[in-house]
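The values are calculated or read from the model by the stated rules, or taken from the named source; none is laboratory data. Please read these numbers as outputs of a predicted model, since none were measured by experiment. All Cβ positions, glycine included, derive from the backbone under ideal geometry; neighbour counts span all protein chains shown.
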């Protein structure tokens, strides 16, 4: 039970933070919860299926090859996981009537991302214990949150644009880029000190996320 609490506390800190930042028209708590559950179940199912398909056709790369780890970070892990979140926001959340201001893109994308991150975090923490819970609370969970904010920012733009496909795909692409960059530095940890690059990318992601949140708060004040 203590491990479970340690695994989910940072998830709910992120959720509460984003909920508070939604200043002008709070979303239905039930709808937010359902998006979280879709992230925790459907997104995990989609990513698991895609990983299985990948494993059927491709061999695992050399873990000491920078090129192989680059491909794994960007074109396997980041692509699969961000796509699995994207399809939920794109085809379930975005068409909803409640998605009625730009900031809602951030809200829904983060809810789905936190659902995915919750399941992933529970698995890692139950395997690695409290030390893993602490490390992931200040790394992986904020990282997933920033990926969600980046994607959601552009999906919020897409909702109110006549270039919906363009902005949606930009959101997905930049989330993949941010996720892949973060993972790449972790995957090539056989190079001494290189993992620090993941913290730099996370720091940049947090700065960009804060800016994105502020912009959409202003954009959403049109009622």
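Please work out if residue 140 is in contact (Cβ under 8 Å) with a residue 12 or more places away in the chain, under 13 Å from the mean Cα position of the chain (by Cα) and more than 19 Å from residue 19 (Cα to Cα). Here the answer is yes, as residue 140 does meet what is asked.
As a summary of the residue check, residue 115 satisfies the conditions (1) without any contact (Cβ under 8 Å) to a residue 40 or more places away in the chain; (2) closer than 13 Å to residue 36 by Cα except for the one numbered (1). All of 126, 116 fail the test of being closer than 25 Å to residue 79 by Cβ and either part of a loop (DSSP other than H, G, I, E, B) or in contact with a helix residue (DSSP H, G or I) (Cβ under 9 Å, 6 or more places away or on another chain) (or both), apart from 116. Against the numbered list (1) surrounded by 15 or more Cβ atoms within 10 Å (Cβ to Cβ); (2) under 19 Å from residue 102 (Cα atoms); (3) at pLDDT 95 or above, residue 166 comes up short only at (1).
For (1) in contact (Cβ under 8 Å) with a residue 60 or more places away in the chain; (2) more than 14 Å from residue 117 (Cα to Cα), each residue gets a yes or a no:
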position	(1), (2)
31	yes, yes
34	no, yes
39	yes, no
44	yes, no
58	no, yes
65	no, yes
70	yes, yes
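Conditions (1) at pLDDT below 95; (2) buried (at least 16 other Cβ atoms within 10 Å of the Cβ); (3) within 17 Å of the chain's Cα centre (by Cα), marked per residue:
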| residue | (1), (2), (3) |
| --- | --- |
| 2 | yes, no, no |
| 31 | yes, yes, no |
| 48 | no, no, yes |
| 59 | yes, no, no |
| 64 | yes, no, no |
| 76 | no, yes, yes |
| 84 | no, yes, yes |
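Okay, residues lined up against (1) crowded, with 18+ Cβ neighbours inside 10 Å; (2) in contact with a helix residue (DSSP H, G or I) (Cβ under 8 Å, 6 or more places away or on another chain):
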{"position": "153", "(1), (2)": "yes, yes"}
{"position": "170", "(1), (2)": "yes, yes"}
{"position": "179", "(1), (2)": "yes, yes"}
{"position": "195", "(1), (2)": "no, yes"}
{"position": "218", "(1), (2)": "no, no"}
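If you filter the stretch 4-29 down to residues that are surrounded by 19 or more Cβ atoms within 10 Å (Cβ to Cβ) and in a loop (DSSP other than H, G, I, E, B), you find that the one that is modelled with the highest pLDDT is 22.
For the residues 208, 157, the requirement of being in contact (Cβ under 8 Å) with a residue 40 or more places away in the chain and farther than 18 Å from residue 101 by Cα singles out 208.
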